[in-house]
Amino acid sequence: MRYGYHCEECEEAVWPATSRGELQWLKNREHVVREVARHVQAGLDTWITEGLEFLDHHNGHSVILSKRP
């Protein structure tokens, strides 16, 4: 089972390689993670970067946590 974000308005989805819990954590704390990202020189985990890019691209849209087999 894979989890990801799905934009209900654009019908686009992204499936970062991480757990449902981590994706929910990122969505709930997006503003905090973005602030930390500005101060981290080594970079963030790939799934965090991928998730933030998707959330940024769909800012203001209805983005839900989704799953696929």
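The values are calculated or read from the model by the stated rules, or taken from the named source; none is laboratory data. These numbers were taken from a predicted model, which means no experiment stands behind them. Positions of Cβ are generated from backbone atoms using ideal geometry, with glycine treated the same way; all protein chains shown enter the neighbour counts.
Yes/no per residue for (1) hydroxyl-bearing (Ser, Thr, Tyr); (2) part of a helix (DSSP H, G or I); (3) touching a residue at least 24 places away in the same chain (Cβ under 8 Å); (4) over 16 Å from residue 68 (Cα atoms):
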| residue | (1), (2), (3), (4) |
| --- | --- |
| 6 | no, no, yes, no |
| 10 | no, no, yes, yes |
| 18 | yes, no, yes, no |
| 21 | no, yes, no, no |
| 25 | no, yes, no, yes |
| 33 | no, yes, no, yes |
| 41 | no, no, no, yes |
| 49 | yes, yes, no, yes |
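One residue stands out in segment 32-51 among those that are of a type in the set (D, E, K, R) and over 17 Å from residue 22 (Cβ atoms): the one that is modelled with the lowest pLDDT, namely 38.
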